[in-house]
Amino acid sequence: MPIPPLESFRRLRDGNRRFIDNLREPENLHLSDHQRAAMALSQEPHAIVLGCSDSRAPAELIFDQGLGDLFVIRVAGNIVAPSQIGSVEFAAAQFHTRLVVVLGHTQCGAVRASLDHFRRDSRSPSPNIRFIVQRVGKAIAQIYADGGESEPGELLKKAVRANVRASCHKLRHGSAVLQRLIKNDGLVVVGAEYSIETGAVDFFDGLPAAWTAEGSPAGPLE
């Protein structure tokens, strides 16, 4: 039976708090032979995480989750292109996972490179890297237009969040499969930012109203 998205969200929230406090659950660090054998037969990830490939932002550690808990898609800049959409569609349909988290992070190199592209029209030596920079650039173009002369650190912060929001929007509205699951089967797509400096995750985009009510687990995890 699928895990409700709110329950999955709570697991991620609580796991991030453990990560911040250096109190990881022992079962997330070690597998018994029985667990390993059972996992070889099937998987039931309770959340899908589309995150950045940055070595400092591994979703399983950030959320203190174990093997088999998360279906993780990692790509520089947490961009959404057809292969990423297809991966989310596969996990949502195949495993009935009902929470998707687009996870950006502070000090994102792909977002910074895109801002540099706007400033200097820099050219990447690789057309593949240029694709990522241009994809992020589409998401943050208005941010740069509105604040291109701002202090670089503040501009980067705004751009990271704008990029997450754009990826969330693409997942919610760029796939007939995901649109159907959102409308009929309770799929929820939310956006979050991981702070490399503090370890905290802030869920800031797409939280259902019921999750943000008093006493809910929503909001900054500080």
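A few remarks follow.
- The residue among PHE131, PRO58, ALA91 whose Cα reaches farthest toward the positive pole of the charge dipole of the chain, with charges on the beta-carbon of Lys, Arg, Asp and Glu, is PHE131.
- Angle in degrees between helix 5-20 and the longest Cα principal axis of the chain, rounded to the nearest 10: 80 degrees
- Sites matching GluC sites (Glu not before Pro) across the stretch 53-161 that sit in DSSP coil, with at most 11 neighbouring C-beta atoms within 10 Å: GLU149
- For ARG120 and LEU67, the FRET efficiency from 1/(1 + (r/R0)^6), where r spans their Cβ atoms and R0 equals 41 Å, is about 0.40.
- In the stretch 5-212, the inverse of the mean reciprocal separation of distinct Cα atoms equals 17.8 Å; this is its Kirkwood hydrodynamic radius.
- With Cα atoms, 0 to 90° folded angle of helix 82-95 axis to the chain main axis: 10 degrees
- Choice from ALA110, ALA92, ALA145 with maximal GNM fluctuation in the chain (Cα, 10 Å cutoff): ALA145
- In order along the stretch 66-76, the phi-based Karplus estimate (6.51 cos²θ - 1.76 cosθ + 1.60, θ = phi - 60°) of 3J(HN,Hα) comes to x, 4, x, 7, 10, 9, 10, 10, 10, 8, 3 Hz; Gly and Pro are listed as x.
- Evaluated with a Cβ-only charge set (Lys, Arg +1; Asp, Glu -1), the stretch 5-212 carries a dipole of roughly 660 debye about its Cα centre, given to the nearest 20.
- For LEU50, residues with placed amide H under 5 Å, excluding near neighbours: ILE73, VAL101, VAL102, LEU103
Just so you know, all these numbers are worked out from the coordinates, no wet-lab data involved. All of these numbers come straight from a predicted model, not from anything done at the bench. Reconstructed Cβ throughout: ideal geometry from the backbone, glycine too, with neighbour counts over all protein chains shown.
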